[in-house]
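The structure under discussion appears below in the form of structure tokens.
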Amino acid sequence: MYYLRILLILLGCSSLHAELLLGVENSWPPFADTNGLGYSTSLVNHAYAAVGIQPRIQVFPYARVLKLVEYGNLNGGYNVTRQPNTESQFLFGSRPLLMASARFYFRNGKEQPYSSLEEVPDHTHIATIIDYEYGPDFEANKHRFQLTEVSSQEQIIQMILTGRVDTGLMFEEVAHYTVEKMKAVPGKIHSDTQALAEGRIFYTSKIYVAFDKHNPENLKYAQLLDEGLRLITLNGVYQQILDGKLK
């Protein structure tokens, strides 16, 4: 059944390129660090290995990854949130690589109990990563805010600490990893304590590989990735990667 499923996918395309070229960002640890290594890359490599493909992965700033995919220089790139504006630009498979939750982070003593974006006042100064997606609600509201877009998580944290912004948007695991890495920072910034106590988050994102929608071969690569993710979920490899037991 496994080989039949793969054969049916491959038969839909006369010939795939000998090389699948993907891009990954360099500032989203533990999902993708400065060398592009982390949970996401491990998931991509193991999923494609399960269907007999070895992708070649190149590392760029996130905004550059998106442009290279859009211009057809890469077959695909990750870690991309699937939402209306990205769906209009890229091709996605049916299975996300993973889920990630974002929160507002504040300097100690400056916390605000935002329960929704509508509660964030106009002109609030927010630090974000260049071209990151934070969900449809953020897209609809961001015109109300003063945004400062930077290229690294460390820059967001420094801007929060120095008071250059009111708050920063970061994904939980990324914020925790980066704060711990910046030895002088732990205890000086955190998400709203009431939000943490209530388990409240700003946004939960489904993270995907986004493919160049103009290359007809990429539909097959997306389908093969879906199949690979299914297989490594069944055999336990997926969870081992997220548990840090397998790279």
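The values are calculated or read from the model by the stated rules, or taken from the named source; none is laboratory data. Everything numeric here is computed off the predicted structure, so don't read it as measured data. Ideal geometry is used to build each Cβ from the backbone, glycine not excepted, and the neighbour counts take in all protein chains shown.
Taken as a whole, the structure leaves T81 outside the set of residues that are under 24 Å from L37 (Cα atoms), of a type outside the set (K, R) and surrounded by fewer than 19 Cβ atoms within 10 Å (Cβ to Cβ). Would you mind stating whether L68 is within 29 Å of I53 (Cβ to Cβ), surrounded by 21 or more Cβ atoms within 10 Å (Cβ to Cβ) and assigned by TED's automatic domain parsing to the domain that holds A47? Considered against the rule, which asks whether it is within 29 Å of I53 (Cβ to Cβ), surrounded by 21 or more Cβ atoms within 10 Å (Cβ to Cβ) and assigned by TED's automatic domain parsing to the domain that holds A47, L68 comes out as no. Evaluation of G52 against the conditions (1) touching a helix residue (DSSP H, G or I) at 6+ places or on another chain (Cβ under 6 Å); (2) more than 24 Å from T128 (Cα to Cα); (3) of a type outside the set (A, V, I, L, M, F, W, C) shows that the sole unmet condition is (1). Working only within the range 15-50, note down all residues that are β-branched (V, I, T) and either outside the structural domain of V237 (by TED's automatic domain parsing) or surrounded by fewer than 21 Cβ atoms within 10 Å (Cβ to Cβ) (or both). Within the range 15-50, just T34 meets the criteria.
Residue pairs whose Cβ atoms lie under 7 Å apart, separated by 6 or more positions or on different chains, with the first residue in the range 153-168 and over 17 Å from S191 (Cβ atoms) and the second hydroxyl-bearing (S, T, Y), are E154/T178. Looking across the range 149-179 at every residue that is under 26 Å from I207 (Cα atoms) and of a type in the set (G, A, S), the one that is farthest from the chain's Cα centre (by Cα) is identified as G168. Look at L91 and say whether it is among the aliphatic types (A, V, I, L, M), buried (at least 18 other Cβ atoms within 10 Å of the Cβ), touching a strand residue (DSSP E or B) at 6+ places or on another chain (Cβ under 7 Å) and outside any helix (DSSP H, G or I). So L91 fits the description; yes. Here V80 does not fit the description of being of a type outside the set (D, E, K, R), closer than 27 Å to N215 by Cα and in a loop (DSSP other than H, G, I, E, B).
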